[in-house]
Amino acid sequence: MLFNRPTDDTLYDALLKRDAAYEGFAWVCVTTTRIFCRLTCPARKPKRENCIFEESIAACLEAGYRPCLRCRPMLRYKDNDPTVTSLLEALECEPERRWRESDLLAMGLDLSTVRRAFKRQFGMSFLEIARLRRVGLAAETLAEGAPVIEAQLDAGFESGSGFRAAITQLIGSAPRHLRGKGLLKADWIETPIGPMMAIADDHALHLLEFADRPALPTEIRRIRERTGCGIVLGRAAPIDLVEQELKRYFDGDRAAFDVRIAGHGTPFERAVWEALRQISPGTVQSYGILAAAMGRPGSVRAVGRANGANQIAIVIPCHRVIGADGGLTGYGGGLWRKRWLLEHERRMAAGRGRVEAAE
């Protein structure tokens, strides 16, 4: 167990048994409640298909999950630092608060001591954790069908530019620090259901995600690491093209996309993403049907993971995949957007059918 990550089935079995042997090696994220717990949490156990297992608390937070109030996974550590405990308790009392260094100083805390304590325990600073909690709250607000501006305010951002700047600052170094390195361009694209960030080189699109997706910071860092390129604000031809194609899509004129997509992911993930693009607009498929169509009927869970790893929203239509029971499953952009996109495509398909019948 020290060298190989236990399988998800093993971790789920540990969750059912509340096996303390796995404490600290993994945490369970429950997709239906957007909560993450310790494996020994005494709460009622979620269904297997609603569980995602992460190896760190940072990964749970970056994916937009909030800590369970019953097992309190961020507080229940042996010999926990009292400074860490007091700050996390303060954060849970005011998760929507926009914490600043001045707040910590006002509490009589030493900034470097706090930073070291949180980095040692969680791999990120207290202010980073507080920020992820606010972004997670914004995602929950959007999932409930609230307007983007309401989610923005709930997250503590006073302006739209500040909301976007929160993501923009994650892009990387200033151009003067990137001399001699390859560069990717990043820019915003407005849509009727919220702004999206697009990242591309001169030839292909690397990312297209909604600006308030909790996992967006992780995806940006992953692109930087995989490509070895810096990212700067600017426009590349694929961004211009996908913006035009998105406009036609949202106008109801065309659901197909011709923009070239960069070859990220494993061969299996790329095969899943290509299969997603074969699902006709206005229709949906379950993970099981998608796996069978690929000739991999025993790989339903792997197909689900690949679906979740997609970082080209709408163009690679992972929103067209639903649960085996016909219910909506998780969507990085929020279930309210998934519902909106499916209804939009249903209307597009119905409109085309009426035109063809008239002809």
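The residues of segment 99-114 that are surrounded by 15 or more Cβ atoms within 10 Å (Cβ to Cβ) and either in a loop (DSSP other than H, G, I, E, B) or of a type in the set (D, E, K, R) (or both), listed by number, are TRP99, ASP103, LEU109.
Quick grid of which residues meet (1) hydrophobic (A, V, I, L, M, F, W, C); (2) more than 14 Å from GLY333 (Cα to Cα); (3) under 18 Å from the mean Cα position of the chain (by Cα); (4) not assigned by TED's automatic domain parsing to the domain that holds ARG131:
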{"site": "THR191", "(1), (2), (3), (4)": "no, no, no, yes"}
{"site": "GLY194", "(1), (2), (3), (4)": "no, no, yes, yes"}
{"site": "ASP202", "(1), (2), (3), (4)": "no, yes, no, yes"}
{"site": "HIS206", "(1), (2), (3), (4)": "no, yes, yes, yes"}
{"site": "ARG213", "(1), (2), (3), (4)": "no, no, yes, yes"}
{"site": "PRO217", "(1), (2), (3), (4)": "no, no, yes, yes"}
{"site": "ILE220", "(1), (2), (3), (4)": "yes, yes, yes, yes"}
{"site": "PRO238", "(1), (2), (3), (4)": "no, yes, no, yes"}
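Kindly evaluate ILE239 against the criterion of being in a helix (DSSP H, G or I), among the β-branched types (Val, Ile, Thr) and either closer than 30 Å to ARG134 by Cα or at pLDDT below 90 (or both). Full working, then the answer.
On the way: in a helix (DSSP H, G or I): yes; among the β-branched types (Val, Ile, Thr): yes; either closer than 30 Å to ARG134 by Cα or at pLDDT below 90 (or both): yes.
Judged against the criteria, ILE239 is a match.
Within segment 276-283, is there a residue that is free of Cβ contacts under 8 Å to residues at least 40 places away in the same chain and hydrophobic (A, V, I, L, M, F, W, C)? No; the residues of segment 276-283 include none that is free of Cβ contacts under 8 Å to residues at least 40 places away in the same chain and hydrophobic (A, V, I, L, M, F, W, C). Among residues of segment 115-133 that are touching a residue at least 60 places away in the same chain (Cβ under 8 Å) and part of a helix (DSSP H, G or I), none has a beta-carbon under 8 Å from a residue that is acidic (Asp, Glu) and surrounded by fewer than 21 Cβ atoms within 10 Å (Cβ to Cβ) at least six positions away or on a different chain. Across segment 1-57, the number of residues qualifying as hydroxyl-bearing (Ser, Thr, Tyr), more than 20 Å from GLY123 (Cα to Cα) and under 21 Å from the mean Cα position of the chain (by Cα) comes to 3. Inside segment 305-344, residues that are of a type outside the set (D, E, K, R) and assigned to a loop (DSSP other than H, G, I, E, B) make up a count of 19. Here GLU274 clears all of (1) farther than 26 Å from THR31 by Cα; (2) among the acidic types (Asp, Glu); (3) exposed (fewer than 15 other Cβ atoms within 10 Å of the Cβ); (4) within 21 Å of the chain's Cα centre (by Cα) except the condition numbered (1). Counting the residues of segment 171-210 that are more than 20 Å from ILE261 (Cβ to Cβ), modelled with pLDDT of 80 or more and of a type in the set (Gly, Ala, Ser) gives 1.
Out of all the residues in segment 242-260, which are surrounded by fewer than 19 Cβ atoms within 10 Å (Cβ to Cβ) and part of a loop (DSSP other than H, G, I, E, B)? Answer for segment 242-260, where residues must be surrounded by fewer than 19 Cβ atoms within 10 Å (Cβ to Cβ) and part of a loop (DSSP other than H, G, I, E, B): ASP251, GLY252, ASP253, ARG254, ALA255, ALA256, ASP258, ARG260. If you take the residues in segment 300-316 that are under 18 Å from MET197 (Cβ atoms) and touching an Asp or Glu at 6+ places or on another chain (Cβ under 9 Å), which one is surrounded by the fewest Cβ atoms within 10 Å (Cβ to Cβ)? Filtering segment 300-316 for residues that are under 18 Å from MET197 (Cβ atoms) and touching an Asp or Glu at 6+ places or on another chain (Cβ under 9 Å), the one surrounded by the fewest Cβ atoms within 10 Å (Cβ to Cβ) comes out as ALA309. Just one of (1) under 21 Å from the mean Cα position of the chain (by Cα); (2) under 22 Å from ARG34 (Cα atoms); (3) not acidic (Asp, Glu) fails for GLY326. It is (1). Scanning segment 226-285 for residues that are touching a Gly at 6+ places or on another chain (Cβ under 6 Å) and of a type in the set (Gly, Ala, Ser) turns up just one, GLY230. Determine whether segment 70-85 contains at least one residue that is in contact with a Cys (Cβ under 9 Å, 6 or more places away or on another chain) and assigned to a strand (DSSP E or B). Checked against the condition, which is being in contact with a Cys (Cβ under 9 Å, 6 or more places away or on another chain) and assigned to a strand (DSSP E or B), segment 70-85 yields no hits at all. Do you know which of the residues in segment 312-348 that are in contact with a helix residue (DSSP H, G or I) (Cβ under 7 Å, 6 or more places away or on another chain) and of a type in the set (Gly, Ala, Ser) is nearest to LEU276 (Cα to Cα)? Selected residue: ALA324.
The values are calculated or read from the model by the stated rules, or taken from the named source; none is laboratory data. Quantities reported herein were computed from a predicted structural model and do not represent experimental measurements. When we count neighbours, we look across all protein chains shown, and the Cβ atoms used for this are built from the backbone with ideal geometry, even at glycine.
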